[in-house]
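Peer 1: Before we start, here is the structure in question, set down as structure tokens.
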């Protein structure tokens, strides 16, 4: 039997936590890219107000983020400002992870 956590280490997560900002951001960019492969989320801005992400995308995104990062994004946090870019979404994820520490 393999030591606990080996499989998680491969994916940059151990106990629901990522090792560093780059890994968290890469995972977020992968989730976003799965939604819209045609968009360069490293530079895209105004994701909601610009019509890149619609309400169905937001529901899928929240579900993926909650599962991948082991956090809960509440209704009060579903604002266009929090989902304006990958950077603002990452800031929300980081704040939620920091709150749990």
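Any read-out appearing in this document is the output of simple, stated calculations on the displayed coordinates, not a laboratory observation. Please read all numbers here as calculations on a predicted model, not as lab measurements.
Peer 1: Let me see the P(r) profile for the range 19-100: every Cα-Cα distance counted, bins of 10 Å, each bin given as a percent of all pairs.
Peer 2: Percent of pairs per bin, in order: 17, 61, 21, 1.
Peer 1: Multiplying the sequence separation of residue 99 and residue 26 by 0.36 nm and subtracting their Cα-Cα distance, what value in nm do you get?
Peer 2: Gain in length upon complete extension: 24.2 nm.
Peer 1: Multiply the residue separation of residue 38 and residue 66 by 0.36 nm, subtract the distance between their alpha-carbon atoms, and state the gained length in nm to one decimal.
Peer 2: Separation in residues times 0.36 nm, less the Cα-Cα distance, equals 7.7 nm.
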